[in-house]
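The values are calculated or read from the model by the stated rules, or taken from the named source; none is laboratory data. Every value quoted in this text rests on a predicted model; they were computed, and no experiment measured them. A quick note on method: Cβ atoms are made from the backbone with ideal geometry, for glycine too, and the neighbour counts reach across all protein chains shown. Side chains are part of the model used for accessible areas, which takes the heavy atoms of the whole protein and leaves out ligands, DNA and RNA. Shrake-Rupley method; radii C 1.70, N 1.55, O 1.52, S 1.80 Å.
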Amino acid sequence: MYTFAGADVKLLDEDVWHLELDMEVLSQLMAELSISDPRRHEILRALERAMDAIDVANISGTAKEARAQLTEVLAKPAHASAHRLSAVGHAHIDSAWLWPQRETIRKTARTFATVTALAAEYPEFIFACSQAQQYAW
């Protein structure tokens, strides 16, 4: 019924990917602001500077400079009274709920190994686990 037809291996260019995300966030924020809001025009100018920094023949090589043009407007809140949100990675693993304890220990070890790798790659990553016993294991 199913036949594997093939696969492509792709390399993620994180600078370009993050540039796309930054520009998307700012474009959506700008669209929500009033046309008379100075913040809207500030975002538009920053987006224009970012676009000017991009060399279409070398997007990968110029993405970092384009992102630098957006740093200041991204650091500002959408509005002076805007909330600040923080995200924390969390694992809730029920210890020996529907499986033997050895399986919980294995699942916990695998989860913590993944989290440790993410923390090494992303120093700003924050993680929490709700069960002290799992830290002990």
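Report whether or not Leu11 is modelled with pLDDT under 95 and either open to solvent by 90 Å² or more (accessible area, probe 1.4 Å) or more than 30 Å from Ala119 (Cβ to Cβ) (or both). Write out each step before concluding.
Numbers: modelled with pLDDT under 95: yes; either open to solvent by 90 Å² or more (accessible area, probe 1.4 Å) or more than 30 Å from Ala119 (Cβ to Cβ) (or both): yes.
Considered against the rule, which asks whether it is modelled with pLDDT under 95 and either open to solvent by 90 Å² or more (accessible area, probe 1.4 Å) or more than 30 Å from Ala119 (Cβ to Cβ) (or both), Leu11 comes out as yes.
When you check Leu85 against the structure, is it among the aliphatic types (A, V, I, L, M), under 30 Å from Tyr135 (Cα atoms) and loosely packed, with under 12 Cβ neighbours inside 10 Å, yes or no? Show your work before the answer.
Values: among the aliphatic types (A, V, I, L, M): yes; under 30 Å from Tyr135 (Cα atoms): yes; loosely packed, with under 12 Cβ neighbours inside 10 Å: yes.
So Leu85 fits the description; yes.
What number of residues in the range 106-127 are of a type in the set (Gly, Ala, Ser) and surrounded by 12 or more Cβ atoms within 10 Å (Cβ to Cβ)?
Residues meeting the conditions: 2.
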Search the range 27-54 for residues being over 18 Å from Lys76 (Cα atoms) and part of a helix (DSSP H, G or I), and hand back the single one that is most open to solvent (accessible area, probe 1.4 Å).
-> Asp52
Yes/no for Asp15 being touching a residue at least 24 places away in the same chain (Cβ under 8 Å) and either touching a strand residue (DSSP E or B) at 6+ places or on another chain (Cβ under 7 Å) or assigned to a helix (DSSP H, G or I) (or both) | yes
Given (1) out of contact with any Leu (no Cβ under 6 Å at 6 or more places or on another chain); (2) among the small types (Gly, Ala, Ser); (3) surrounded by 12 or more Cβ atoms within 10 Å (Cβ to Cβ), where does Ala57 come up short, assuming only one miss?
-> (3)
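Residue by residue, here is whether (1) aromatic (Phe, Trp, Tyr); (2) touching a residue at least 24 places away in the same chain (Cβ under 8 Å); (3) not in a loop (DSSP other than H, G, I, E, B) holds:
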site: Glu103; (1), (2), (3): no, no, yes
site: Thr108; (1), (2), (3): no, yes, yes
site: Phe112; (1), (2), (3): yes, no, yes
site: Ala119; (1), (2), (3): no, no, yes
site: Phe125; (1), (2), (3): yes, yes, no
site: Ala128; (1), (2), (3): no, yes, yes
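Would you check which residues across the range 73-90 are under 18 Å from the mean Cα position of the chain (by Cα) and either in contact (Cβ under 8 Å) with a residue 24 or more places away in the chain or in a loop (DSSP other than H, G, I, E, B) (or both) and list them? Break it down stepwise before answering.
Initial filter on the range 73-90 (under 18 Å from the mean Cα position of the chain (by Cα)): 73-77, 84-90.
Selection gives Val73, Leu74, Lys76, Pro77, Arg84, Leu85, Ser86, Ala87, Val88, Gly89, His90.
Going by the structure shown, is Thr71 surrounded by 13 or more Cβ atoms within 10 Å (Cβ to Cβ) and of a type in the set (Ser, Thr, Tyr)? Walk me through it before giving the result.
On the way: surrounded by 13 or more Cβ atoms within 10 Å (Cβ to Cβ): no; of a type in the set (Ser, Thr, Tyr): yes.
Against the criterion (surrounded by 13 or more Cβ atoms within 10 Å (Cβ to Cβ) and of a type in the set (Ser, Thr, Tyr)), Thr71 does not qualify.
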